[in-house]
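> Below: one structure in structure tokens.
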Amino acid sequence: MSARIRVALVDDQALFRAGVRMLIESQPDLEFAGEASNGREAVELASRMRPDVLLMDVRMPEMDGVAATAAIVALDIGATPRVLVLTTFDTDESAARAIRAGASGFVLKDADPEFLLAAIRTVHAGNAVIAASATRRLLEQFAPSPGRTAPVSLGTLTAREREIFDLAAKALSNSEIAEREYLSEATVKTHISRVLAKLGLRDRVQLVAFAYENGLVP
């Protein structure tokens, strides 16, 4: 059996934490790796426990989820946890700020348990998750400013990498890109990794945000 995905949780509501912990512990492929009640505790938890995925409430006392996400992404601890933001409102501007800070996506707190579990597995695999009801409104937060020119780093991509970038920016999965481009999924994954490295992006959700901010997606 492969190693289980280690999941930690940060939320200021004890009852909510208890429910999510029970859900995670019910899954054979997941392991609960600790909990915290505010952003400052979250940073300490991430440094000490080094979970694979960190569920992060966006609105908390002492330090909010956006600031905590930025602090965790900046930690020098090797494999940084994938942060999945939890929010009550699908129009929450904080979700967009959390993605800019390095979060791998966000889900609503009232999402079905199956969706939350799928989201955990998805971000652990290196993909992005955005609550479906909020996708359009979230991406509006990344609208390009007038007169903005494409960043120089975009010119470092090869022709094939630019093709892969354009498809990933439209939120196509690796399997969908592979089918369209007649490539293996492993090859697509390699191209995506190179694109992220060249553009200085953390993951696919930042790739999508980058594309929208620079007017690269119609």
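The values are calculated or read from the model by the stated rules, or taken from the named source; none is laboratory data. Please read all numbers here as calculations on a predicted model, not as lab measurements. Please note: Cβ atoms are built from the backbone with ideal geometry, for glycine as well, and neighbour counts cover all protein chains shown.
> Would you confirm whether or not the range 59-74 contains a residue that is surrounded by fewer than 22 Cβ atoms within 10 Å (Cβ to Cβ), closer than 12 Å to residue 8 by Cβ and either small (Gly, Ala, Ser) or assigned by TED's automatic domain parsing to the domain that holds residue 110 (or both)?
No, there is no match, as no residue in the range 59-74 is surrounded by fewer than 22 Cβ atoms within 10 Å (Cβ to Cβ), closer than 12 Å to residue 8 by Cβ and either small (Gly, Ala, Ser) or assigned by TED's automatic domain parsing to the domain that holds residue 110 (or both).
> Can you tell me how many residues within the range 105-116 are under 14 Å from the mean Cα position of the chain (by Cα) and closer than 17 Å to residue 24 by Cβ? Talk me through it step by step, then tell me what you get.
Start the filter on the range 105-116 by keeping residues that are under 14 Å from the mean Cα position of the chain (by Cα), which leaves 105-108, 116.
Now narrow it down to the ones that are closer than 17 Å to residue 24 by Cβ: 107, 116.
Total meeting the criteria: 2.
> May I ask you to say which residue of 205, 195 is touching a Gly at 6+ places or on another chain (Cβ under 7 Å), under 17 Å from residue 102 (Cα atoms) and surrounded by 15 or more Cβ atoms within 10 Å (Cβ to Cβ)? Talk me through it step by step, then tell me what you get.
Values: 195 fails: touching a Gly at 6+ places or on another chain (Cβ under 7 Å).
Just one listed residue meets the conditions, 205.
> Let me ask something else about it. Just to be sure I understand, how many residues within the range 4-32 are farther than 16 Å from residue 56 by Cβ, surrounded by 14 or more Cβ atoms within 10 Å (Cβ to Cβ) and among the charged types (D, E, K, R)?
Counting residues in the range 4-32 that are farther than 16 Å from residue 56 by Cβ, surrounded by 14 or more Cβ atoms within 10 Å (Cβ to Cβ) and among the charged types (D, E, K, R) gives 2.
> Got a sec? Which of 187, 156 is farther than 26 Å from residue 101 by Cβ, surrounded by fewer than 19 Cβ atoms within 10 Å (Cβ to Cβ) and at pLDDT 90 or above? Steps first, please.
On the way: 156 fails: farther than 26 Å from residue 101 by Cβ.
Within the list 187, 156, the selection yields 187.
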